[in-house]
Amino acid sequence: MARETAVRLSNVRKTYRIGEPVHALDGVSLAVPQGSYTAIMGPSGSGKSTLMNLVGCLDTPTAGEVVVGGREVGALGDRERTRLRGTEVGFVFQTFNLMPRLRALENVALPQLFQGVDRTERRERARDLLERVGLGDRADHLPNELSGGQRQRVALARALVNDPAIVLADEPSGNLDTDTEADILDLFDEFHEGGTTMLVVTHERHVAERADRIVHLLDGRIERIEDLGGAADGATTDPTASRTSESGGDSE
Amino acid sequence: MNPLESLRLSWRSIRGHKLRSALTTLGIVIGIAAVIAFVTLGASLQAGIIGDISPDDQRNVYGWAADPDTEGGPLAGAQPVFTQDDLEAVEGLEDVEAAYGYATIQTQAISNGNETVAQGNGLIASGPSYIREDRLSAGSQFEMGEREAVLNPAAANQFDENVTVGDELTVTILGGERTTLEVVGITDTSEGLSPFEGFESSPRVYVPTDPYYAEQASGLGIGGGEGGDGGSDGGDGSGESTGEGDGSGDDARFLAIIVEAESTDQSDIDAARESATAYLESDDSDASELLDDDLAVTFQTSTELLQQLQDILDLLRNFIVGIAAISLLVGSIGIANIMLVSVTERTREIGIMKAVGAQNRDVLGLFLTEAVILGVIGAILGTGLGLLAGYLGAQYIEIPLVYPLEYVALAVVVGVLVGILAGLYPAWRAARTDPIDALRYE
């Protein structure tokens, strides 16, 4: 049973022109199957952030194709791209990036607000997700009343609220201490096992090792792909690697 | 995102910066309050003035001689040129019902029996029909040549024991001379009866020009020298006496005269005005001796005089509304400034919202809503404050309160408009913020 691809990059090139043209990404091809857990590693300047921005539909490639949730990002207008980002991508940031004046519940519900989801429905969904990340009793707290680990859980709940094709985590444990880091990564594992597609950018080996495979970036190219044995997921133009998976389903 | 949600989120961020929002709103509050307070006062003042013209006043034309280039209200630049002869001749004209002089005699005090009150307003000397019969609440008009007076309620009630018809009062003229008068009537209003008097409520004593003005002007009868009767109203003209029983060599010349037309029809009024002017400018009149290129006779109805006053009021109001509008402009710049600061400060929040799927129009809507909320709050508070200030002002200068509701509505509209205009550019900047940069923003 061939698995669908959540995100696919085909020979993607991204060039910034700040004086000298800089090739942030120089011909990257990568397929991220649904339900997979991929880590991206690389030194700074290797193109991690650019890759994140492209997969997160925040930016468009200079050349090549980025397909997210079955749609080619480069071909979309700003509005469509924003819509795709809102529905198919969930962000988890190093600095949490919660809205400071919104309560935990409202932060989680925020992406659905922009999708025009009814208020009651929104709140129900957000409350449910907060329960699942273990913050059911913190729904009415403001971000500054929460610990770092709790904030990151709120952020994770927010990333999941629209049931996205992929969750993008950028150094998700960078601002956390060792214990909370373990907690949040356990939570990632938990959701991954529930079928969520995870893409984590990190420069820490032990964080990356939670994934099925590690993609090493260097100077805008994929240096190598390290398979951690979970599955033989396709890492190049051939996304046909298979794994018996409950694609997208909620099989806790 | 629906408008209600925008409202909710915007309100949240306004409450998040209470002091800043309050100060921003203050500019709008002051601007709108100033506009409303002053248009309220202006409208009230006009109502106070226009409401005071009794219909029977409409047949009067008020005349004086002044340099034609003089600007201003009634009596501006007026010179005493009209003699009693002139008035009698004018009254004899076909189109004229009555003509009499108008003058004020400066006074120091009025005594009723043993009680004396200060009275600086003076005596108002004019003809009997100056006070219309239907303006009397008691008694009758005074008669020419008699030492009689009609008081208004404010003058009658200023004594411990109210003055009534039949009482005798002693008046101390400026300079110390005393004269007596018998009260023959009380009017029904304490406000002025003609534009010559002004319109404010104050104690007034109406007397016949003869004998009071004639005596004062000629320096006879009242018992003092000519220098004793002060003021601009002192006649210094010469001519033949027509005053009954005074027999003085000097006749009073009047600064101001009142000519009554036969009816309130505009054509009758114009006819009376024209014939009176024609006579006074002809060689038959005493006044013509003094009239030349720089001194011409002007006759105006109280409506026309009010129009001048109203023009001045309008000018004043426009001026103040202009100042208030500048304050509104400053207020709107304040809003724009605060919104720009707010956009910069919340760059990261904008980035977050865009990352989780906020469209440009959502962000635009949020910031615009915020600016409009500030504008509306400012407009509402400013309207309240302005209405209150207008009320207090009207109370203070004792005029009837009139709220120009169309201006109140306008103020609210302007508040919203100011909010939109001031918020548009910052909101647009917020909307086109690049989420990648915004998320990186520290």
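The figures follow:
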item: Verdict on residue B:387 being modelled with pLDDT of 90 or more, in contact with a Phe, Trp or Tyr (Cβ under 8 Å, 6 or more places away or on another chain), part of a helix (DSSP H, G or I) and more than 14 Å from chain A (Cβ to nearest Cβ); result: yes
item: Test result for residue B:436, in contact with an Asp or Glu (Cβ under 7 Å, 6 or more places away or on another chain), modelled with pLDDT of 85 or more and part of a helix (DSSP H, G or I); result: yes
item: Residue satisfying condition, being surrounded by fewer than 21 Cβ atoms within 10 Å (Cβ to Cβ) and within 14 Å of another protein chain (Cβ to nearest Cβ), within set B:310, B:359, B:395; result: B:359
item: Unmet requirement for residue A:14, which otherwise passes all of (1) more than 13 Å from every other protein chain (Cβ to nearest Cβ); (2) over 21 Å from residue A:159 (Cα atoms); result: (1)
item: Of all residues making up region A:41-59, the number that are under 13 Å from residue A:167 (Cα atoms), out of contact with any Asp or Glu (no Cβ under 7 Å at 6 or more places or on another chain) and touching a residue at least 60 places away in the same chain (Cβ under 8 Å); result: 2
item: Some residue of region A:9-26 being under 18 Å from the mean Cα position of the chain (by Cα) and surrounded by fewer than 22 Cβ atoms within 10 Å (Cβ to Cβ); result: no
item: Criterion: of a type in the set (Ser, Thr, Tyr) and open to solvent by 90 Å² or more (accessible area, probe 1.4 Å) - qualifying residue of B:403, B:425, B:407; result: B:425
item: Any chance residue B:39 is in a helix (DSSP H, G or I), more than 10 Å from chain A (Cβ to nearest Cβ) and closer than 15 Å to residue B:415 by Cα; result: no
item: Residues located in region B:89-121, provided they are surrounded by fewer than 17 Cβ atoms within 10 Å (Cβ to Cβ), of a type outside the set (Asp, Glu) and under 19 Å from residue B:204 (Cβ atoms); result: B:109, B:116, B:117, B:118, B:120
item: Check on residue B:139, closer than 27 Å to residue B:62 by Cβ and either of a type in the set (A, V, I, L, M, F, W, C) or open to solvent by less than 50 Å² (accessible area, probe 1.4 Å) (or both); result: no
item: Region A:157-180: number of residues that are outside any strand (DSSP E or B), closer than 27 Å to residue A:84 by Cβ and within 14 Å of another protein chain (Cβ to nearest Cβ); result: 10
item: Evaluation of residue B:210 against (1) part of a loop (DSSP other than H, G, I, E, B); (2) under 23 Å from residue B:256 (Cα atoms) (one fails), failing number; result: (1)
item: Qualifying residues in region A:206-227 (those that are assigned to a loop (DSSP other than H, G, I, E, B) and surrounded by fewer than 15 Cβ atoms within 10 Å (Cβ to Cβ)) - the one farthest from the chain's Cα centre (by Cα); result: A:219
item: Subset of region B:261-273 [within 29 Å of the chain's Cα centre (by Cα) and either among the aromatic types (Phe, Trp, Tyr) or part of a helix (DSSP H, G or I) (or both)]; result: B:266, B:267, B:268, B:269, B:270, B:272, B:273
item: Residue match in region B:284-298 (condition: under 26 Å from the mean Cα position of the chain (by Cα) and modelled with pLDDT of 75 or more); result: yes
item: Among (1) within 14 Å of chain A (Cβ to nearest Cβ); (2) out of contact with any Leu (no Cβ under 6 Å at 6 or more places or on another chain), the one test that residue B:431 misses; result: (2)
item: Filter result for the condition that a residue is under 26 Å from the mean Cα position of the chain (by Cα) and under 24 Å from residue B:84 (Cβ atoms), over B:147, B:132; result: B:132
item: Region B:428-437: number of residues that are within 18 Å of residue B:365 (Cα to Cα) and either of a type in the set (Phe, Trp, Tyr) or open to solvent by less than 40 Å² (accessible area, probe 1.4 Å) (or both); result: 5
item: Positions within region B:274-295 being open to solvent by less than 80 Å² (accessible area, probe 1.4 Å) and outside any helix (DSSP H, G or I), in sequence order; result: B:282, B:285, B:286, B:290, B:291, B:295
item: Candidates A:192, A:203, filtered to the one that is at pLDDT 90 or above, more than 13 Å from chain B (Cβ to nearest Cβ) and surrounded by 15 or more Cβ atoms within 10 Å (Cβ to Cβ); result: A:192
item: Helices (runs of 4 or more DSSP H) enclosed by region A:48-153 - at least 3 residues per element that are open to solvent by 20 Å² or more (accessible area, probe 1.4 Å) and more than 13 Å from chain B (Cβ to nearest Cβ); result: A:119-132
item: Condition met for residue B:442 (acidic (Asp, Glu) and away from every other protein chain (no Cβ under 14 Å)); result: no
item: Among residues of region B:363-380, those that are within 13 Å of chain A (Cβ to nearest Cβ) and open to solvent by 10 Å² or more (accessible area, probe 1.4 Å), counted; result: 4
item: Test result for residue A:39, under 30 Å from residue A:134 (Cα atoms), more than 10 Å from chain B (Cβ to nearest Cβ) and either out of contact with any strand residue (DSSP E or B) (no Cβ under 6 Å at 6 or more places or on another chain) or assigned to a strand (DSSP E or B) (or both); result: yes
item: Among (1) more than 21 Å from residue A:6 (Cα to Cα); (2) of a type outside the set (D, E, K, R); (3) touching a residue at least 40 places away in the same chain (Cβ under 8 Å) - the single one residue A:135 does not satisfy; result: (3)
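The values are calculated or read from the model by the stated rules, or taken from the named source; none is laboratory data. From a predicted model like this one, the values you see are computed outputs, not experimental measurements. Please note: Cβ atoms are built from the backbone with ideal geometry, for glycine as well, and neighbour counts cover all protein chains shown. Surface areas here come from the heavy atoms of the whole protein model, side chains and all, with no ligands, DNA or RNA. Shrake-Rupley method; radii C 1.70, N 1.55, O 1.52, S 1.80 Å.
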